[in-house]
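Read through the structure below, which is laid out as structure tokens, and then see the notes.
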Amino acid sequence: MGTMGITTRTARGWRMLAGWLLVAATCLCLALPAAATPLRLTPGDSSFPLAGAMAYWHDTNANATPEQAFARAQTGGFAPLPGGNPAFGFQTGAYWFHLSLENLQPEEPLWILVQEYALSDHLDLYLRYPDGRMEHSAGGDHVPFGDRFIRYRHPNFRLDLPAGQRVELLLRVQSESSMQVPLSLYTPKAFAELLRDAQFSNGLYYGIVLALLCYNLVLWLMLRDASYFWYLLHTVAFGLVLFALNGYGFEYLWPNSVWLADASIPLSICFALIGMQLFARSFLDLRTRWPVGDKVCLAVVAFFVLLGAASTWLPYSVATPIASRAVLLGVLWIIIATLVMLRRGYQPARLFLLAWSLFLAGTAAFTLLAFGVLPQNFWTQNGVQIGSALELLLLSLALGKRYASLREENVRLVQETNEKLERGLIDRTRELRTAMAQLGEANVKLLEYSRRDPLTGTYNRRYFHEAFTRLLEECGADGRTLGLLLLDLDHFKRINDRHGHQAGDACLVQTARSIEAIAHSYGGLVARFGGEEFVVLLPCNNAQEALQAAEGIRLRIQQNPVVHEGHSIHLSASIGLHTVAAGRGMGQEDVIRMADAALYRAKDDGRNCVRHSLASA
């Protein structure tokens, strides 16, 4: 009996021990899902999103080695992605991602690993094969673009996966940008199709942006409306933002510049926000309709200017989160200003509000994704592009509608004015005719005044140039000679210095009258050429007659002193003459040059004389 009791208790103890061992084994299996179950690349599939199969570990000190990370993965130190979401927001330290792969496609030994996020700084990929061999590859926008396996905007790596072998994949990511690690595995053919689809979708977006840019550029050049200019600035700036966010900036503009790879994001965001604010300020006419809002808008612009300048030296991890949050605040302020304008009855603000609301929704989704608040999907990943494309389209329509409303308002004002004119047409016909007559007289006087020198009353130099060709043609038709006199008062500066400028003005006026007294008898034209110089066009029968007229002008000036404030001022003039015979074609500049040469010869010969040009016609 005793022996049987002992045997029964012993059997019961072994059964309990076996049960506890089974529970412990089950827990151990649950604790090591990533290491125990590889992702099998089954035939028929050419692409595999890896988020659901990866495990991660946050190395807060960023000092772990690959060996330590592999060992940690084997002991269950990695955790599944929370909710399968590979976005963690802005974080410090390094993130390690672990995954075991088993290729069951013998015909596809080459695979391509793509991180579908362009802004990570450092990526280190480690592949460990069953024979213990380990391969390392580096990527990210702190590595020259030319070092990538395929020249593509997203970081990518080559994976050699022998069929039937289990290969461990370990990826280390360290970055000052948002920690987003959406990894996918592609066959070369599937990756080529991905490139084709991405080229189409991004080409469609940038094609829309370019079309709107060209369209509104033409409108701005035609209308010179400031709103179109600020719209162009906003479009270019935000296009640059997405060019950098999508990795095209690093691919095409700064493939070897680490500094620009980091600074381009906050700088382009600030540039875009400045364009947004100035466009909204102009479109809503805040300066006139809401002066307080206009000052707030300018203050916001000043803040973004300072932030843009600071982002050139602030760390990326500081400048970019501030700029990302500022996008939401900037767009929110534009919506507030638009609502105020709507309450004040500004109808063009309706479509404007819809455009910025869509943009705010897309930007909010992208920003919340960057901070790890929203999961990564098609809408959050492409929210900015979708929202901005709709926003740019609607803003272009809003500009057109605003222009149309302004035109309709002008038409309405014109119609109201016409109706008022028609109602008072009978009573005001006489006044209108009188006004038209007065207007005609005023136009004639204005035209005459525009031809005259205000001091001397003679024609001005501009009218002289207009009249020269006409008089030359008339003399040619009549077979007469046209004489051109250049007259300069001698020592005129002494008169101004001794008697004052008012006396000098009096001398110019009397000289003009003396010249006109002789020139008008020949049907000539007198003009002030500049300063104390006059030019005279004289239609004459021959050069001798022109020379006599010039001598008559000189004598009249000399013999008629100017009396000013009790002083008698004697004048003399040097005259250069050039004549153009009928049928002799000469350019105006040549004639003036010949007369000017004759004038200088008169001065060289002692002044107060007339000299004919040596090459007279």
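The values are calculated or read from the model by the stated rules, or taken from the named source; none is laboratory data. Treat the numbers as computed from the prediction; the structure is a model and nothing was measured. Heads up, the Cβs are rebuilt from the backbone with ideal geometry, glycines too, and the neighbour counts pull from every protein chain shown. Remember, those area values only see protein heavy atoms, side chains included, never the ligands or the DNA or RNA. Shrake-Rupley method; radii C 1.70, N 1.55, O 1.52, S 1.80 Å.
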Handout entry: Residues within region 48-62 that are touching a residue at least 40 places away in the same chain (Cβ under 8 Å), within 43 Å of the chain's Cα centre (by Cα) and in a loop (DSSP other than H, G, I, E, B), tallied
Key = 3
Problem - Residues of region 68-100 satisfying the condition of being aliphatic (A, V, I, L, M), assigned to a strand (DSSP E or B) and at pLDDT 90 or above - result: A79, A94, L99
Practice task
Would you check which residues across region 428-448 are loosely packed, with under 12 Cβ neighbours inside 10 Å and either in contact (Cβ under 8 Å) with a residue 40 or more places away in the chain or not aliphatic (A, V, I, L, M) (or both) and list them?
Solution key: T429, R430, E431, R433, T434, Q438, G440, E441, N443, K445, E448
Practice task
Just one of (1) in a helix (DSSP H, G or I); (2) within 60 Å of the chain's Cα centre (by Cα) trips up R584, so point out which.
Solution key: (1)
Problem - Within region 452-468, considering residues that are part of a helix (DSSP H, G or I) and open to solvent by less than 70 Å² (accessible area, probe 1.4 Å), the one nearest to F534 (Cα to Cα) - result: F464
Exercise for the section: Pull up region 504-524, narrow it to residues that are farther than 18 Å from L555 by Cα and surrounded by fewer than 18 Cβ atoms within 10 Å (Cβ to Cβ), then point me to the one that is modelled with the lowest pLDDT. Expected result: G523
Fill in the blank from the handout: A237: passes all of (1) free of Cβ contacts under 8 Å to residues at least 60 places away in the same chain; (2) over 20 Å from G308 (Cα atoms); (3) within 15 Å of the chain's Cα centre (by Cα) but (2)
Practice task
Can you confirm whether region 337-356 contains a residue that is within 21 Å of Y117 (Cβ to Cβ), open to solvent by less than 50 Å² (accessible area, probe 1.4 Å) and either at pLDDT 85 or above or among the hydrophobic types (A, V, I, L, M, F, W, C) (or both)?
Solution key: no
Practice task
Could you please give the count of residues in region 170-201 that are part of a helix (DSSP H, G or I) and either open to solvent by less than 10 Å² (accessible area, probe 1.4 Å) or aliphatic (A, V, I, L, M) (or both)?
Solution key: 6
Problem - Test: T456 is at pLDDT 85 or above and of a type in the set (V, I, T) - result: yes
Practice task
Could you please let me know if G531 is closer than 13 Å to L455 by Cβ, modelled with pLDDT under 90 and open to solvent by 20 Å² or more (accessible area, probe 1.4 Å)?
Solution key: yes
Exercise for the section: Run A598 past the list (1) farther than 13 Å from L485 by Cβ; (2) modelled with pLDDT of 90 or more; (3) aliphatic (A, V, I, L, M) and report the number of the one that doesn't hold. Expected result: (1)
Exercise for the section: Filter region 128-152 down to residues that are buried (at least 20 other Cβ atoms within 10 Å of the Cβ) and part of a loop (DSSP other than H, G, I, E, B) and give me whichever is farthest from the chain's Cα centre (by Cα). Expected result: R148
Handout entry: Candidate set: region 263-310, residues that are among the hydrophobic types (A, V, I, L, M, F, W, C) and not in a helix (DSSP H, G or I); chosen: the one nearest to Y346 (Cα to Cα)
Key = L284
Fill in the blank from the handout: The residue that is farthest from F352 (Cα to Cα), considering only those in region 312-335 that are under 20 Å from the mean Cα position of the chain (by Cα) and small (G, A, S), is A323
Problem - Residue match in region 104-116 (condition: more than 20 Å from F191 (Cβ to Cβ) and of a type outside the set (D, E, K, R)) - result: no
Practice task
List every residue pair whose Cβ atoms lie under 9 Å apart, where the two residues are 6 or more positions apart in sequence or sit on different chains, the first residue falls within region 466-495 and is free of Cβ contacts under 8 Å to residues at least 24 places away in the same chain and on the phi < 0 side of the Ramachandran plot, and the second residue, located anywhere, is small (G, A, S) and open to solvent by less than 10 Å² (accessible area, probe 1.4 Å).
Solution key: K493/G504
Practice task
Return the pairs, sorted by first residue and then second, in which the second residue is surrounded by fewer than 19 Cβ atoms within 10 Å (Cβ to Cβ) and acidic (D, E), the first residue lies in region 528-539 and is over 24 Å from G476 (Cβ atoms), the beta carbons are less than 9 Å apart, and the residues are 6+ apart or on different chains.
Solution key: none
Exercise for the section: Can you give me the number of residues within region 587-617 that are open to solvent by less than 30 Å² (accessible area, probe 1.4 Å) and either within 19 Å of C540 (Cα to Cα) or part of a strand (DSSP E or B) (or both)? Expected result: 6
Exercise for the section: Could you list, in sequence order, all residues of region 257-277 that are open to solvent by 10 Å² or more (accessible area, probe 1.4 Å) and closer than 19 Å to R325 by Cα? Expected result: D262, S264, L267, I269, F271, I274
